[in-house]
Amino acid sequence: MEVDAKVELWMARLVDGMKASIRNLFWRHLTEGVSNSRKAFEKDKLLGQIKGIPGQILIGMAQISWTTDVKMALQAIDTGNKAVMK
């Protein structure tokens, strides 16, 4: 089966555009949305923001948040602060 190169180029540009779009959405929501309400945990505000974020972006943000929290806890334990385990 022979495929026209123009189709392959179009598909490659489409994939690149989708990746860029997801990347931009991710960083916009991470810097503006949930991170702001997480500091002053307002449940209603947080739930409203979560409903407006695409699932793939929300999962990525949750993974980064969890990893950051665990890293900070492990660093605190390393410096002798055992209270973070509670």
Pairwise FRET efficiency - W27 versus L74, Cβ, R0 = 41 Å, nearest 0.05: 0.95
Highest mean first, how do 58-65, 6-13 rank when packing is the count of other Cβ atoms within 10 Å averaged over residues? 58-65, 6-13
Could the peptides 74-84, 17-27 be put in order, highest first, of the mean number of other beta-carbon atoms found within 10 Å of their residues? 17-27, 74-84
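Find how much the distance from K82 to V15 grows on full extension, using 0.36 nm per residue of separation minus their present alpha carbon separation; answer in nm with one decimal.
Values: separation 67, 0.36 × 67 = 24.12 nm, distance 4.65 nm.
Working it through step by step, the gained length comes to 19.5 nm.
Bear in mind these aren't lab numbers, they're just calculated from the coordinates by the rules spelled out. These figures come from a predicted structure and were not determined experimentally. Glycine also receives a Cβ, built like all others from the backbone with ideal geometry; neighbour counts cover every protein chain displayed.
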